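These notes concern the structure reproduced below.
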Amino acid sequence: MIYIGIDVGKKGALVLLDDDIVESYSFDKETYVRLINNLKMIYNIDDVIVGIEKVHSMPKQGVKSMFSFGENYGWLQGILDANNIKYKLISPQEWKKYFSLIGSDKKQSCIKALELEPRLRCYGSRGGMLDGVCDAYLIARYLKEVK
């Protein structure tokens, strides 16, 4: 099975996970479409499942940014539906509870992700943690372990 976790936030990312591979991609529509096309050529699509972080608007977030955020969230679901790829919407509370991260900050999520998978590329070119990659990895890992 191939497990894919997607964090759809501002610094969103996609992480592909199976027994031997851990690959991460920053949010980019062209990259995601290319990845989905490659998955369809390499794997039986029934062996692919995606976990998308279930998101909603929050108070004090800008209208324009929330519209863009929601547009990307819907686009992801549409592209998966169009390619007959199974996906589940997973709330942050759900995967964070599983990894004992309720109430913790993004740094703790990154520490947990690196504990579980030291090969994960979760540092940017300037040395900062890529919390979208860490969250996407934990979503994929949750999906793999809980199904």
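For every helix of n ≥ 4 consecutive DSSP H residues, a contribution of -39,500 (n - 2.57) applies; sum these over the chain, divide by its total residues, and give [θ] at 222 nm rounded to the nearest 500 deg cm²/dmol. Could the numbers behind the result be given before it?
On the way: 5 runs with 68 residues, N = 147.
Helices in the chain give a 222 nm mean residue ellipticity of -15000 deg cm²/dmol.
Looking only at LYS107, LYS96, LYS54, which one moves most when the chain is put into a Gaussian network model with springs between Cα atoms under 10 Å?
Among LYS107, LYS96, LYS54, the largest mean-square fluctuation in the Gaussian network model of the chain belongs to LYS107.
Using the heavy atoms of the protein chains alone and a 1.4 angstrom probe, what is the accessible area of the chain per residue in square angstrom? Display every interim value, and only then the final one.
Values: 8460 Å² over 147 residues.
Result: 58 Å² of accessible area for each residue.
Could you work out what % of the accessible surface of the chain is carbon and sulfur, using a 1.4 angstrom probe and leaving DNA, RNA and ligands out of the count?
On the way: 4390 of 8460 Å².
Within the chain, the accessible surface is 52 percent carbon and sulfur.
State which entries of LYS40/LYS112; LYS29/LYS107; LYS40/LYS107 exceed 29 angstrom in Cα-Cα distance in the structure shown. Before the final figure, lay out each step's value.
Working: LYS40/LYS112 31 Å; LYS29/LYS107 26 Å; LYS40/LYS107 34 Å.
Going by Cα-Cα distance, LYS40/LYS112; LYS40/LYS107 fall outside the 29 Å limit.
Just to be sure I understand: with springs between alpha-carbon atoms less than 10 Å apart, which residue in ALA13, ALA136, ALA82 has the highest mean-square fluctuation in the Gaussian network model of the chain?
ALA82
For the chain, with a Gaussian network of springs between Cα atoms less than 10 Å apart, report the residue from GLY51, GLY78, GLY70 with the top mean-square fluctuation.
Largest GNM mean-square fluctuation: GLY78.
Which translational diffusion coefficient, to the nearest whole µm²/s, is obtained for the chain from the Stokes-Einstein equation, given a Kirkwood hydrodynamic radius over C-alpha pairs, 37 °C and 0.692 mPa s?
213
The values are calculated or read from the model by the stated rules, or taken from the named source; none is laboratory data. Just so we're clear, the structure is a prediction, and the values are computed from it rather than from any experiment. What goes into the accessible areas is simple: the full protein's heavy atoms, side chains included, and nothing from ligands, DNA or RNA. Shrake-Rupley method; radii C 1.70, N 1.55, O 1.52, S 1.80 Å.
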